[in-house]
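One structure below.
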Amino acid sequence: MAVIGAFMVPHPPLLIPGVGCGKEQAAADTVKAYREAGKKIACLAPETVVIATPHSVMYTDYFHISPGDGARGDFSQFGAEESRISTGYDREMTELITRLAEEDGFMAGTAGEQEKQLDHASMIPLYFIQQTYQEFQTVRISLSGLSLSDHYTMGQYVKKAADCLGRKTVFIASGDLSHRLMEDGPYGYCEEGPRYDSRIMKTMESGDFLELFNFDEEFLEKAGECGHRAFVMLAGALDGIAVKTEKLSYEGPFGVGYGVCAFEPLREDPCRKFKDEYVRLQRKKAERRQAREDSFVRLARLSLESYVRNGTMIGVPKGLPEDLLSSRAGVFVSLKKEGRLRGCIGTICATKSSVAEEIIQNAVSAGARDPRFSPVREEELAQLEYSVDVLGKTQKVTSMEELDAQRYGVIVTRGGRRGLLLPNLSGVDTVDEQIEIAKQKAGIGEEESVQVERFEVIRHR
C-alpha cells in the first residue's frame, strides 16, 4: 500500500500565529491536534503529500490539479504578509493522475490554472507539517461541483497513481466543518450546522465512509460546510483498505467547526470498497424508481439513454398516451445525480409538433448540451433522477403579490434578455429569490427593472 496515512484537518487562518496574534489560543485543542498530526506525518516520512482543497480554482465539472514545479503563498490577505509557505510539486505523480483520469474520460487534469499561488486551505496544513518534516513534494487537487461519487473516484486515482509509482503518500483532506454554529458567528446559526458536525465527526471517527454518501445536498448547503467533498476524496484514496481511525480533536469556538482525524492504513480489505457498494445501492434504488415512472419520465429516460449509448435520437415510440401525442407545450427536462443538478434544458413555448417530441429533444439536450456541465457518461445513467415539467400558458403580472414560489414559475424580460425559473425548487423559498436567480440566468442586473410573467407546470417525476 503506497498510501501510508490520511488526515482530516481544518484551515482557519488564525491558527497561524502571525494571523491569530493570540486569538489562536481559543482554538488550542485544534492547534495541539494539528501539531500531533504533523508529528505523525513526520514519523511516516512520506515522499508525497496530496492535499484536497476547496479554496483553489474550482470548476463545476472538472478537478483541477496544480501544474508546474511548485508554488508559494503568504497570508497577506489575512494581515500577515511575513508568514510565507512554499512547496515543490510532484510532477510525475501529477502527470500520472492526469493520464489515468484522461484514459477513462474522467474530468480531471492540469488545464485551467487561474491562480498559481497557494491557497490558505493548502498552506495551513503545509505550515504544520513543515514544522517537523520537509522532505516531501506536494500534489494539490481542487474540489469540484461534481457529485460525491466523483470525488471518491478522484481519490481512487490518487491511490492508483501512488501504487503504480510505489510512492509513499499521505493524503490531506483540508476542510472546515459547518460555518453556522452560532448566532454571533461569521455566518450566523442554522440548526443543520451542529447536526452536520456531529454526524461527520461520528462518520470519520468510525471509518464507515459509506455514510459520507448519505449527506444530501440540501442538508450540506444549509449546514454551510466546505470540506465534505474533500473528506469523500480521502475515502476514495483509502478505497479497499482497512484503517485505524483516531479522532484528535473537535471544537467550534468561532461558530465554525474544526475537526482533526487521523487514518492509519492497516491492510487490503475488499469489504471497504464504498463506492462500489454505493453504486450497487443506487442501482437498486433506480430500479424501484423506474418501476414507478410515468410515461413522461420514462420517455425522457429512454431518449437520453439511447443517445448516450448509441449516439442516436429515438423516434416517437408507439403506444404513448394521447396527452403526449396530441398536445403541444414548452417542456423542461431536469437531471439530478446524487441530489445535485446534472443538467436542465427546456423550451418556454412549444417548438415541436407534440409534447412527446419536445421531451425527446430536451432530454438529450439536458444530458449532452447543457453548457454548465460535461455530457453525461454511460456509467452515470443508472444514477440519474429525471423530472419533466410541462409548462402552462404564461401570464403577465403587475404585482409581486400575484406570485408564489411554490406554485408559479417566473419569466423575467428586459429587452432581448430573458430568464426563466421553474417553481417549487429546493432551496428557492421566496419570490424575491426566484426573481433574483431568473435575472442572473438572463444576465440582468440586480437593480434593473424587468417585465415579469408567471406560469404553472405539471411536474412528472
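The values are calculated or read from the model by the stated rules, or taken from the named source; none is laboratory data. What you are looking at is a predicted structure, and each value in this text was computed from that prediction instead of being measured. Glycine also receives a Cβ, built like all others from the backbone with ideal geometry; neighbour counts cover every protein chain displayed. Calculation scope for accessible area: heavy atoms of the full protein, side chains included, ligands and nucleic acids excluded. Shrake-Rupley method; radii C 1.70, N 1.55, O 1.52, S 1.80 Å.
Residues satisfying the criterion are absent from region 379-393 (criterion: open to solvent by 40 Å² or more (accessible area, probe 1.4 Å), assigned to a loop (DSSP other than H, G, I, E, B) and out of contact with any strand residue (DSSP E or B) (no Cβ under 8 Å at 6 or more places or on another chain)). When we screen K244, K275 for residues that are assigned to a strand (DSSP E or B), open to solvent by 40 Å² or more (accessible area, probe 1.4 Å), among the charged types (D, E, K, R) and under 24 Å from A52 (Cβ atoms), the only hit is K244. Taken over region 287-309, the criterion of being touching a strand residue (DSSP E or B) at 6+ places or on another chain (Cβ under 6 Å) and either more than 13 Å from L335 (Cβ to Cβ) or of a type in the set (F, W, Y) (or both) is satisfied by D294, F296. For G255, are the conditions met, namely being within 30 Å of L14 (Cα to Cα) and either under 27 Å from the mean Cα position of the chain (by Cα) or without any contact (Cβ under 8 Å) to a residue 12 or more places away in the chain (or both)? The answer is yes for G255. Could you check, for region 8-24, whether at least one of its residues is open to solvent by 30 Å² or more (accessible area, probe 1.4 Å), among the small types (G, A, S) and modelled with pLDDT of 95 or more? No, because not a single residue in region 8-24 is open to solvent by 30 Å² or more (accessible area, probe 1.4 Å), among the small types (G, A, S) and modelled with pLDDT of 95 or more. Every listed requirement among (1) of a type outside the set (V, I, T); (2) within 24 Å of the chain's Cα centre (by Cα); (3) assigned to a strand (DSSP E or B); (4) surrounded by fewer than 17 Cβ atoms within 10 Å (Cβ to Cβ) is met by E264 save one, (2). Among the residues of region 328-346, those identified as more than 30 Å from L210 (Cβ to Cβ) and touching a residue at least 40 places away in the same chain (Cβ under 8 Å) are A329, G330, V331, F332, V333, G346. For region 394-438, filtering for residues that are surrounded by 15 or more Cβ atoms within 10 Å (Cβ to Cβ), small (G, A, S) and either more than 29 Å from the chain's Cα centre (by Cα) or not in a loop (DSSP other than H, G, I, E, B) (or both) leaves 3. In this entry, G255 is excluded by the filter for residues that are in contact with a strand residue (DSSP E or B) (Cβ under 9 Å, 6 or more places away or on another chain), closer than 30 Å to E205 by Cα, part of a strand (DSSP E or B) and open to solvent by less than 80 Å² (accessible area, probe 1.4 Å).
Contact map, region 278-293: residues that are more than 17 Å from V388 (Cβ to Cβ) paired with residues that are open to solvent by less than 90 Å² (accessible area, probe 1.4 Å) and among the hydrophobic types (A, V, I, L, M, F, W, C), Cβ distance under 6 Å, separation 6+ or inter-chain. Pairs shown: Y278/F213; R283/A382. Scanning region 44-55 for residues that are small (G, A, S) and buried (at least 23 other Cβ atoms within 10 Å of the Cβ) turns up just one, A52. The set of residues from region 24-51 being out of contact with any strand residue (DSSP E or B) (no Cβ under 7 Å at 6 or more places or on another chain) and aliphatic (A, V, I, L, M) comprises A26, A28, V31, A42, A45.
Here's the yes/no breakdown for (1) closer than 15 Å to H460 by Cβ; (2) surrounded by 20 or more Cβ atoms within 10 Å (Cβ to Cβ); (3) modelled with pLDDT under 95:
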{"residue": "E293", "(1), (2), (3)": "yes, no, yes"}
{"residue": "L299", "(1), (2), (3)": "yes, yes, no"}
{"residue": "S306", "(1), (2), (3)": "no, no, no"}
{"residue": "K318", "(1), (2), (3)": "no, no, yes"}
{"residue": "R328", "(1), (2), (3)": "no, no, no"}
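When region 56-101 is filtered for residues that are open to solvent by 70 Å² or more (accessible area, probe 1.4 Å) and among the hydrophobic types (A, V, I, L, M, F, W, C), only M58 remains. Examine region 157-176 for a residue that is surrounded by fewer than 18 Cβ atoms within 10 Å (Cβ to Cβ) and modelled with pLDDT under 95, and state whether such a residue exists. No. Exactly one of these conditions fails for A356: (1) crowded, with 20+ Cβ neighbours inside 10 Å; (2) assigned to a helix (DSSP H, G or I); (3) free of Cβ contacts under 8 Å to residues at least 60 places away in the same chain; (4) touching a Ser or Thr at 6+ places or on another chain (Cβ under 7 Å). Give me its number. Tallying (1) crowded, with 20+ Cβ neighbours inside 10 Å; (2) assigned to a helix (DSSP H, G or I); (3) free of Cβ contacts under 8 Å to residues at least 60 places away in the same chain; (4) touching a Ser or Thr at 6+ places or on another chain (Cβ under 7 Å), A356 fails exactly one: (4).
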